[in-house]
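Quick notes on the structure that follows.
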Amino acid sequence: MNILYFIQKLIAFSIQAVDGLRFWQSPEPLIIPGYTYIKTTRVNSKSPFFTATYKDVHKKLVHIKACNRHPMNLHYHNLQHEARMLSLLNKIKPYKTNGITVSAPKLLRTLYTPTHFCVVTLSASGNSLSQASPSALLTLHKYSTAYLHYAYSELWKKMSFIPYKGRRFYISTLPLITFLAFWSHPRERRLILRAAYELLVNAYIMFSQKNITLVHGDLHVENILVDSNQITVLDMGQLMRTFSEYEYVTTFSSIRNKELFNQTLLGRFTQVEDANSLRYRLLLIILCSLHNLTSGAPQKNNDWYLYLLRYGLTKLKKIPTQPMRIPNNKILQRIAL
């Protein structure tokens, strides 16, 4: 599975490197039979996804997210995964706590056009708090992660339908993301190789973690709508089972503001007494930043990912090294000797 993932992402990345993200961009507006176009809601004009508000035959407002259905388009498979995750999350009751209700958008249907795959959801009310204060960001993050933990407990019988990205996945895909980052950022190759080296040397720390839960994978303010006492978590295309701390790291990647970054999640994330726990969290920052450098993002975003990469490596260097703990296994102990 990892070999197929490697080949597919390598080809897709090569296409994007040659033709840019324009290769996957959708026309605007997208004509969809049975729906009347109202307005585009896509924030980033270079996004491979086309998102807009439409009216159906019953004059009901719906939100449609579409992308090119080319088989080598990784975003197409990402959108298919989002539809499957929404269908699962819609089967459980909304999460309620302290008078706040948290839920995912209601999936109405999926449909295919000759060139695109579309996901139709009920239009959610509310606004994203893009200019929120640090305390408001922490509160939104707290409620959203609590909803995902609740969903994990409710959907435990159907966990096989949700991708599991644990220790083996991250270690086995490390050569892929290192190669892609090394190729696409020639000026930062020494930094990238140093990051890959630290991840390999400290791989045993990754293998010792067992705190697996449901993680959104892209939880930032633009993907959280707030309307009075209702919170709607959007963009479930990267929903997975993985390390719980990974949610904080993906949120770091979207802040892109050093002052806000230091004021919000960073202090809480790195406040641990155990040196191994701190090392593990810094390794997650390095791993996520290295992965983001392969996404073909604009230079402004890449500058932020490089800042996080340097931050993680600098902090990691200050932690005193500890001898590697060898499991109680005779074969491994003989190899170590």
Could you please find all residues in segment 292-337 being modelled with pLDDT of 55 or more and among the basic types (K, R)? K300, R310, K315, K317, K318
Residue match in segment 127-139 (condition: within 24 Å of V62 (Cα to Cα), assigned to a loop (DSSP other than H, G, I, E, B), hydroxyl-bearing (S, T, Y) and out of contact with any Cys (no Cβ under 7 Å at 6 or more places or on another chain)): yes
Number of positions in segment 238-256 that are in contact with a strand residue (DSSP E or B) (Cβ under 9 Å, 6 or more places away or on another chain) and small (G, A, S): 1
Being over 21 Å from the mean Cα position of the chain (by Cα), part of a loop (DSSP other than H, G, I, E, B) and touching a residue at least 12 places away in the same chain (Cβ under 8 Å) is the requirement here; does H58 meet it? no
Checklist (1) touching a Gly at 6+ places or on another chain (Cβ under 9 Å); (2) over 30 Å from G34 (Cα atoms) applied to L111, failing item: (2)
Would you confirm whether any residue within segment 267-290 is in contact with a strand residue (DSSP E or B) (Cβ under 9 Å, 6 or more places away or on another chain), modelled with pLDDT of 80 or more and surrounded by 15 or more Cβ atoms within 10 Å (Cβ to Cβ)? yes
Please verify whether segment 106-128 includes one or more residues that are of a type in the set (A, V, I, L, M), closer than 18 Å to T41 by Cβ, within 18 Å of the chain's Cα centre (by Cα) and crowded, with 20+ Cβ neighbours inside 10 Å. no
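The values are calculated or read from the model by the stated rules, or taken from the named source; none is laboratory data. Bear in mind that the values here come from a model prediction, so they are computed numbers and not experimental data. Cβ: placed from backbone, ideal geometry, glycine included. Neighbour counts: every protein chain shown.
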